[in-house]
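Here's the structure we're looking at; comments come further down.
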Amino acid sequence: MLIHRHRFRGSVWYVLQDAASGKSHRFTPIAYYFIASIDGRLSVDAVWNEMAETFGNEAPSQDDVIRLLTQLYSADLLRLDTQPDALELFDRYSRQSQSLLKRNLKSPLSITLPLWDPDFFLKRMLPLFRPLFSRTGLFLWLATVAPAIYLATLHAKELAGNLSDRVFAAEGLLLIALVYPIVKLLHEFGHGLATKAFGGEVHQMGLMFLVFFPVPYVDASASAGFRSKYQRAAVAGAGIMVETFLAACGLYLWLAVEAGPVRAVAFDVMLVSGMSTVLVNGNPLLKFDGYFVLIDLIEMPNLAPRSTKYWASLIERRVFGVEKKSDPLSFGEHVWLLVFAPASYVYRMIVLFGISLFVATHYLVIGILLALWGLFSGIAMPAAKMLWHVVASPQLRRHRVRAIGITSLALAAVAGPVLLVPLPLNTLSQGTIWLPEEAYVRAGADGFLEKVAAPAGSHVEKGAPLFQSSDPVLTMQLSILEARVRELGTQFRAEWLTNRAQAEVTSRELEEASAELKRSRERSRRLIAHSATAGTFVVDRISDLPERYFREGDVLGYVTPAHGQTVRVVVSQDDIDLVRKRLVRVSVRIPGQAEISLPAKILHEAPAAIDHLPSKALASVSGGPITTDPRDTEGLKSLRRWFQIDLDISESPAPPAFGSRVYVRFEHEWEPAATQIARRVRQLFLAQLHA
């Protein structure tokens, strides 16, 4: 056990550092006097009486002494003459062994797994890096990082362009997976070497799962024993300095080299080191390195839990009317304790939901799971703990009715407007740009395409010829049939004068041949495909079409109507009633033109729900929202039934390609959140409630 005398904001404190567990405990001089006095020679009662005589009114009360002894016993800092309670020790060991798991489950951002004692390795490496922990090292760091910050601002647009696509691309994820652990390993060695440089020991190194990604960590808690706050802050900030130095070097390399693997690695080093430092590790509002730098510099250990307790005490005294003695604090301490807890909570939620949204842009399920975890750990759990404290806390036993009443009023004041004030009600769905059947230009007969009669993108009128095909077999068949008809006609005229009976037979053959010739000529005319409507002629890969063989019915091209476009959208059975009875307006947004909302009107609605999708673009296998039956070879059969609605949209600045997916919003009359929630719950348990 090591004992250190520290001074925080002008007051003397004693820090007891347990070298075995790595834990540190901070006590006031009076508490330390009591701890130093219980050395086995005097009883606790004798020590307390002696302190009462020595310190007078400043002496601790008996309750204070009992609480202090309880804390010392729980921290394994007491040695007793009596035989220890084996069952109690076993229970305590079980609780301590489970504390790591509980701590890991409480936060998806930091899960720790100890693996290795690096103290000997760091001791061997320290002579190489000791010069960096000096003014020369600080100057070198500033000379590297400061210009990089300026250059980063100049190239900010280029650095941030298509960031999510660059990160979540397959090659981007692979590079980050390789770069991230290396950067974090150097980061942690920075902490370890700084601790050794100032005389501390480092006996634990392992893995921390930061946003579920394994990265190294070291336990630098030995720095808590350093008397100088600047040394403690230097140890806490060593990792930040390493990462910002790496980010600066990555930026210089990224600016110097041409596009390629080296530049990609430099960008990822810069991204990993810079973003994690700015958003998470270096930000004092999260309990990572930046937080410990802050509390050391402002001399306020345990700022986060103290701020939380400060708010709890403030509410109990000012709101619930509990009479309790407040701790003597300076004005600066009041400000820090008042501001830190709410600021930290808000920023923590922003980071968690920001990460969830960023991840959801490419991995929807993972993003949703992160958001749900944030709601549970950041909102549901704190609210449940607060309510349980109000209902069961012994400190509120004399003010329970008032506490419950005020809490109920506060919840009603918050929930009332949220649940009863009308809120927007929308039905969001997806659809595809749909063409009517007359817009499809199909091959009228089997044949080889000879030419395209109209240029792509041109305006064509109804009935205009668009494609010319040929069929050599049909051409030969026409020649044979024409010759056969001429032959039978000549034969019929000759037999009519000489043999009337034979002429009748020939007449029937002539009729059959003429009918066959008529059918063949009709097939020949169908080799020319005409436009069935007026509009814009659209054809894909026009240069590849000549001499290709098409069967009757194959799509050759399209004629998009000039009066607008049709969207075929699917609506779930849960929302169709709102669309039918409470519709106010409909709007459509097209990917790539998200800032433009196109007004739409309903053209037609299918009377019954079907399980056949209008397009594969809506299926989940194609990135759509609807899960399809895996046994369906076409990929169009959905597992649920949907209603199809056709919408007419006005002309957009850039007409979307037919078949492309669009986003549709059906706006309804505003409705209170309570009614909206009740409807969804009713639909969820529809079968059970027989509603």
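The values are calculated or read from the model by the stated rules, or taken from the named source; none is laboratory data. Note that the structure is predicted; figures quoted are calculated from it, not measured. All Cβ positions, even for glycine, are placed from backbone atoms using ideal geometry, and neighbour counts span all protein chains on display.
Under 8 Å between Cβ atoms, at least 6 apart or on separate chains: pull out the pairs that start in region 61-81 with a residue that is assigned by TED's automatic domain parsing to the domain that holds ILE30 and farther than 17 Å from SER24 by Cβ and end on any residue that is basic (Lys, Arg) and assigned to a helix (DSSP H, G or I).
Close Cβ pairs (under 8 Å, with a partner that is basic (Lys, Arg) and assigned to a helix (DSSP H, G or I)) do not exist here.
Is it true that GLN573 is in contact (Cβ under 8 Å) with a residue 60 or more places away in the chain, crowded, with 18+ Cβ neighbours inside 10 Å and among the polar types (S, T, N, Q)?
In short, no.
Does region 529-551 contain any residue that is among the small types (Gly, Ala, Ser), closer than 30 Å to GLN565 by Cβ, at pLDDT below 85 and touching a Ser or Thr at 6+ places or on another chain (Cβ under 9 Å)?
Taking every residue of region 529-551 in turn, at least one turns out to be among the small types (Gly, Ala, Ser), closer than 30 Å to GLN565 by Cβ, at pLDDT below 85 and touching a Ser or Thr at 6+ places or on another chain (Cβ under 9 Å).
Pull out all pairs, ordered by first then second residue, where Cβ-Cβ is under 9 Å, the residues are six or more apart or on different chains, the first lies in region 345-357 and is within 22 Å of ARG306 (Cα to Cα), and the second is among the aliphatic types (A, V, I, L, M).
TYR345/LEU285; VAL346/LEU285; TYR347/LEU285; TYR347/LEU286; ARG348/LEU109; ARG348/LEU285; ARG348/LEU286; MET349/ILE379
Quickly run through region 12-29 and pick out the residues that are surrounded by fewer than 17 Cβ atoms within 10 Å (Cβ to Cβ), at pLDDT below 75 and not hydrophobic (A, V, I, L, M, F, W, C).
Of everything in region 12-29, those that are surrounded by fewer than 17 Cβ atoms within 10 Å (Cβ to Cβ), at pLDDT below 75 and not hydrophobic (A, V, I, L, M, F, W, C) turn out to be ASP18, SER21, GLY22, LYS23.
If I ask for residues that are among the polar types (S, T, N, Q) and surrounded by fewer than 23 Cβ atoms within 10 Å (Cβ to Cβ), which ones from region 239-275 would you list?
THR244
Please report, ordered by residue number, the strands (runs of 3 or more DSSP E) entirely within region 576-663 with at least 1 residues that are surrounded by 15 or more Cβ atoms within 10 Å (Cβ to Cβ) and without any contact (Cβ under 8 Å) to a residue 12 or more places away in the chain.
Hits in region 576-663: none.
Surrounded by 13 or more Cβ atoms within 10 Å (Cβ to Cβ), at pLDDT below 80 and part of a helix (DSSP H, G or I), is that true of LEU375?
In short, no.
How many residues are out of contact with any Phe, Trp or Tyr (no Cβ under 8 Å at 6 or more places or on another chain) and either assigned to a strand (DSSP E or B) or on the phi > 0 side of the Ramachandran plot (or both) if we restrict to region 433-466?
Total satisfying the criteria: 4.
With the structure loaded, tell me whether SER469 is over 25 Å from ALA657 (Cβ atoms), modelled with pLDDT of 85 or more, among the small types (Gly, Ala, Ser) and not in a helix (DSSP H, G or I) or whether it fails that test.
Yes, satisfied.
Quick one: which of GLY553, GLY557 is more than 37 Å from the chain's Cα centre (by Cα), part of a strand (DSSP E or B) and under 25 Å from PRO436 (Cα atoms)?
Answer to the check: GLY557.
If I filter region 185-213 down to residues being free of Cβ contacts under 8 Å to residues at least 40 places away in the same chain and not in a loop (DSSP other than H, G, I, E, B), which single residue comes out as farthest from GLU243 (Cα to Cα)?
PHE213
Could you tell me which residue of region 506-528 is modelled with the highest pLDDT, considering only residues that are assigned to a helix (DSSP H, G or I) and hydrophobic (A, V, I, L, M, F, W, C)?
It comes out as ALA515.
From the list VAL265, VAL269, which residue is touching a Cys at 6+ places or on another chain (Cβ under 9 Å), among the aliphatic types (A, V, I, L, M) and in contact (Cβ under 8 Å) with a residue 40 or more places away in the chain?
Just a single option satisfies the conditions, and that option is VAL269.
Output the residues belonging to region 391-404 that are in a helix (DSSP H, G or I), exposed (fewer than 12 other Cβ atoms within 10 Å of the Cβ) and of a type outside the set (Val, Ile, Thr).
Listed by number, the residues that qualify are ALA392, PRO394.
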